[in-house]
1. Based only on Cα atoms, what Rg/Rh ratio does region A:4-47 have, Rh being taken as Kirkwood's radius?
2. Take every DSSP beta bridge with both residues inside chain A and express the antiparallel ones as a percent of the total, to the nearest 5.
3. Report which residues of region A:48-90 become buried by 40 Å² or more of accessible surface when going from the isolated chain to the complete set of protein chains (1.4 Å probe; DNA, RNA and ligands ignored).
4. Structure shown: which of A:K57/A:K137; B:K10/B:K41; A:K263/B:K236 lie over 18 Å apart, alpha-carbon to alpha-carbon?
5. Under the Karplus relation 6.51 cos²θ - 1.76 cosθ + 1.60, θ = phi - 60°, what is the ordered set of whole-Hz ³J(HN,Hα) values for region A:51-62, x standing for Gly and Pro?
6. Add +1 for every Lys or Arg and -1 for every Asp or Glu among the other residues with Cβ under 12 Å from the Cβ of A:K313, and state the total.
7. Per DSSP H run of at least 4 residues, take -39500 (n - 2.57); add these up for chain A, divide by its residues and hand me the 222 nm value, nearest 500 deg cm²/dmol.
8. Sorted from shortest, what are the nm distances separating the label point of A:E223 from equivalent points in the other copies, each placed 7 Å from Cα along Cα to C-beta?
There are 2 protein chains.
Amino acid sequence: MATIKEVAKKANVSVSVVSKSFNNYKDVKEETRQRIFAVAKELDYSPNINAKNLSSKKRMTIGLISSGVLNDNVKDSNAFDIFKGVYRAVADSRFDLSINLIDSKRQTQQSYVQYCRERNIGGAILQGIRTDDQYYKELIDTSLPCVVLDIMNESDNGMIGSVSIDNAKAAREIAGYLLQRNHRDIVVIAGTPETYVNKERIKGVEEALQSCGLELEGLTVLEADFSEEQAYLLAKKYLQEQQPTAFLCFSDLMAIGVMKAVKEAGLKIPEDISVTGFDDLVFCSYTEPALTTIRQDFIEIGKNAAQLLQAIKENNAVKQHIWIEHQLMERDSVKTLAN
Amino acid sequence: MATIKEVAKKANVSVSVVSKSFNNYKDVKEETRQRIFAVAKELDYSPNINAKNLSSKKRMTIGLISSGVLNDNVKDSNAFDIFKGVYRAVADSRFDLSINLIDSKRQTQQSYVQYCRERNIGGAILQGIRTDDQYYKELIDTSLPCVVLDIMNESDNGMIGSVSIDNAKAAREIAGYLLQRNHRDIVVIAGTPETYVNKERIKGVEEALQSCGLELEGLTVLEADFSEEQAYLLAKKYLQEQQPTAFLCFSDLMAIGVMKAVKEAGLKIPEDISVTGFDDLVFCSYTEPALTTIRQDFIEIGKNAAQLLQAIKENNAVKQHIWIEHQLMERDSVKTLAN
DNA sequence: GCTTTTTCTGAAAGAGCTTCCAATCAGCAA
DNA sequence: TTGCTGATTGGAAGCTCTTTCAGAAAAAGC
């Protein structure tokens, strides 16, 4: 691989001119720039990223820190879609991407901050992180531009952005969908209670109930920690005593668990019991019956996160939080009840 | 972030000792090394990766080049699992990982070689790449250590490894599974014919047929390009004229397409027609009926690829090709026919 | 006490690029 | 011709680390 020196020599200019040409400095004559590009192409040259990062104080690489994906039991591919979205947005820019997957179990010894610093990372996107993560606060405090997903950050120093769907609204919609179809005995299979998304979704369900003039006390909420297995167990146990008209699940995975329990109880979906999910993972359209759920566009979320991060870095972020549109995917797991 | 100099000063040693400590040189006393580590920890120091890559001639970062994942219609998560496997193996080593996703459509202008060189990448794992890819040969020729997935490389300069399951054997097994259950009218839904895996799988099916004393002429092979939609269309058309006892599909996605066509034709699975898949994507156990298929352990594949690559780099690769075990997942989509 | 061996030092030479500052060279007004 | 200005270009320091090397210091062996 040719170096900048060789290009400079062959083009009869100094190294600095070549560097400037490649970095869009205005003070190099267009003609010269073109000549340099021609030579560069001929020599198959392109700037070495390590050297570039090392010498420039500007941070050109952004990090994607993603927690939980490495766990063995992870079946959903949200993280991957987010990853794709981020990747695309970053690929279209002049930034480079560095990915850091962490396992909730064997936490890396390294803090995120350290990770970022040693790689010269100028901004990070955090996925699957929880606010009680030991390193989270450390990173937020560091004034490194960050975008967090599915978390709403309050300590605002202008360097933290976030993106997510409007979880409360989505929950309101799907609860409303059920209520409209005359379901009154709904049990909510919720996720981890401390979680931002969970709180929002609960809020949404309650709002939907209230706007129908229903009281909240009647609402049964089972906390299944976003786990298929947990949801299965909880639903199974619940069904031994009672039979609601619908299960409203805060994730597709939990919905799958619930469906299994329902079927095992000898009940039919949606004839006997309706079930709804949340997320719209790929397999939702392949279940029997196909699952009615809320679609989150994870690719879009990733893309927006990357763009927001860049905006923050360049100090022209208009808003600190971006809401991504969700969509209710109406399929076959909900029955309209007689009034 | 502290630099190596500050650590050296605070630990009362010279810079070179610190460097050596971090790079496992033997000529530094264990006691000193520990002292240095302590100081490093105290100062929150860890070597700057860019500087390290720049200065050392050793290439410490390996690249994962993955084609096709960015396409919009991609539903499978094989790539992600492979990615996870690679990531884990790399994280356990002292290497760093750089990921390069490419879209089959808008091919990056950059060749893989260029990508690798400008990032100082010392070895690459190629996933989803086809041998007729314009940049593939270029990379192979470059004597950069490479591990390719689902491709068998012939031009062996000792720098190319590969890992995959034994596709022929797997196909033999699943075909045998069908034959044992007295299926004689089997139509194969194959993938892209030029593809290595496809050829192997065809071979496997043929072998199974032969070992049952059956002739190959009777075998119908429909080429669906590994696409769910194509498979659906082809199966639908085929069913208008004939009704085989089983569809043997070379991917789960195609199996899904076929199942849809079968159901639409008013036929039941497995009572009227049996269907088998290949890969064992997550949703295979959620379909109705659950799909009998061949499980590929993509995480394991990724892990082995990374390990093989490191072995090749260090010149102690025992074998150039690693076979990963597959597994026949017996579920509910195949019926045993009366003899 | 003397020779080996082990450990450490300091300096220097990069690795390939960015960027500040100085130098050059037009063209043009004085 | 001289002086000045703005557009270009060149030089050199600096980013942080690795590696090598000659030799010094300390520890170990006999």
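The values are calculated or read from the model by the stated rules, or taken from the named source; none is laboratory data. What you see is a predicted model, and the numbers here were worked out from it, not measured in a lab. Methodologically, a virtual Cβ is constructed for each residue, glycine included, from the backbone with ideal geometry; neighbour enumeration extends over all protein chains shown. Heads up: the accessible areas ignore ligands, DNA and RNA and are worked out on the full protein's heavy atoms, side chains in. Shrake-Rupley method; radii C 1.70, N 1.55, O 1.52, S 1.80 Å.
1. Answer for region A:4-47: 0.90.
2. Numbers: 4 of 41 bridges.
For chain A, the DSSP antiparallel bridge percentage is about 10.
3. Going by heavy-atom accessible area, the residues of region A:48-90 that drop by at least 40 Å² are A:N48, A:I49, A:N50, A:L54, A:L70, A:K75, A:F80, A:F83, A:K84, A:Y87, A:R88.
4. Over 18 Å Cα-Cα: A:K57/A:K137; A:K263/B:K236.
5. 3J(HN,Hα) across region A:51-62, in whole Hz: 4, 4, 5, 5, 7, 7, 7, 5, 9, 9, 10, 10.
6. +2
7. Rounded to the nearest 500, the figure is -12500 deg cm²/dmol.
8. In nanometres, ordered from closest: 5.7.
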